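Laboratory data are not the source of any read-out in this text; all were calculated from the coordinates shown. Note that the coordinates shown come from a computational prediction; the quantities given were computed from them, not determined experimentally. Cβ sites come from the backbone with ideal geometry, for glycine too, and all protein chains shown count toward neighbours.
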Amino acid sequence: MALQALQSSGVAFRKILSHFPEELSLAFAYGSGVYRQAGPCSNQKNAMLDFVFTVDDPVAWHSKNLKKNWNHYSFLKVLGPKMISNVQNNYGAGVYYNPLITCDGRLIKYGVISTSILIEDLLNWNNLYIAGRLQKPVKIIALNENVALRSALDKNLKSAVTAAFLMLPESFSEEDLFLEIAGLSYSGDFRMVVGEDKAKVLNIVKPNIAHFRELYGSILQENPQVVYKIQQGSLEIDKSPEGQFTQLMTLPKTLQQRINHIMDPPGKNRDVEETLLQVAHDPDCGEVVRLGLSAIVRPSSMRQSTKGIFTADKMQWTRHSNLLDEILQGDTVPLALSGHSCSDNQPPCCGEVQATRRGQVRTVQLTASTNCPASGKECYFHLWLILWRSQSP
């Protein structure tokens, strides 16, 4: 399986994993703390480490984790593991994040998703949330022998290639392909309009071409619809209506349904295959696919970020009393604010959050190291972004 190529034997990741219940069907680390990203703040040393844990029985897993890591959870912990699992499975994108956790001296966040929901997302792109994260290079820390899960992981990668093909011209480079693939799960994501670095996708792909090639190389070589010139790093695909129809028919079910909804005139009630045949002949086929992706990602990202209000409320900050005490004594602690700007039309800043005490009042400020127009001023916008971004995949 292509995903296997990116497995990590990193002791640091396994050491962090040892702090959690063992019953995991899949565990992986991702993001700028794992793979270097380009941009104004490319230093991995202080970047947050991001994890996703896939579990067969969320109630049982959260029950054990509450006993081991009670202080990781928001106020929802008092309602018990069944309520936490209900919030996890039935709201947002099916993942429950505990952000801003200090573990083995590193700042981490971890999301928990049920195996069955992840498999559904990998196969059908119901949310394209964790499935979208798994279309980019990740470090696999644990993966059991669940055949259905392994098959779904592989299918997700093949679907990403197919969707990207439909949005690309007849000839293109490896980098063009990987940019399209990395951008699939950001199509329509409202965080890319408010808050996220607009160059995020480019910053992910540029330093990691080799990792993308390792992830997708065998899939591209085995695909009968593409001519993959490995030495030149170039590809050619079949853009005929017949070729595009074949690709459209292999897209995940939810994306096909969204395309059908976009293209089907009111009252016509055409079946999906009829609509996809029409789209295959449409010169704007790629844009229609992009609209379909946006129709999946936009509501999914909004629901998941809204859920973050309940899974990462103000109580999350009090759980880091040691960290805050260090800050209040005059130290500063980097919290990975790369790619954000404090005001419109300003370059991204790279700063540190700093708290000071005035009497009994704690004031949180942003200390800018480069470019930040809010230098020396209170920057609550960044505080909100830290909490918000902690819910993103």
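Descriptive notes on the structure:
- Label-point gap, in nm, between residue 253 and residue 18 - each point 7 angstrom along Cα→Cβ: 4.2
- For segment 38-139, the share of alpha carbon pairs falling in successive 10 Å distance bins from zero is 14, 43, 32, 11, 0 percent.
- Exceeding the 30 Å Cα-Cα cut-off - candidates 158/229; 206/229; 64/200: 64/200
- Too-long pairs where the Cα-Cα distance tops 26 Å, listed order kept, from 77/155; 15/109; 15/155: 77/155; 15/155
- All Cα pairs of segment 117-259, percent lying beyond 22 Å: 40
- Computed from the C-beta positions of residue 274 and residue 240, the FRET efficiency with R₀ = 25 Å rounds to 0.85.
- Counting Lys and Arg as +1 and Asp and Glu as -1 over every other residue whose Cβ lies under 13 Å from the Cβ of residue 292, the net charge comes to 0.
- Full-extension gain in nm, residue 294 to residue 63, via 0.36 nm per residue minus C-alpha separation: 79.6 nm
- Each peptide in 229-238, 119-128, 78-87 gets a packing score, the mean of other Cβ atoms within 10 Å over its residues, and the list from highest to lowest is 119-128, 78-87, 229-238.
- Packing, as the average of other Cβ atoms within 10 Å across residues, places the peptides 144-154, 251-261 in the order 251-261, 144-154, highest first.
- Relative contact order for segment 218-259, counting Cα pairs under 8 Å that sit 6 or more residues apart, in percent: 21
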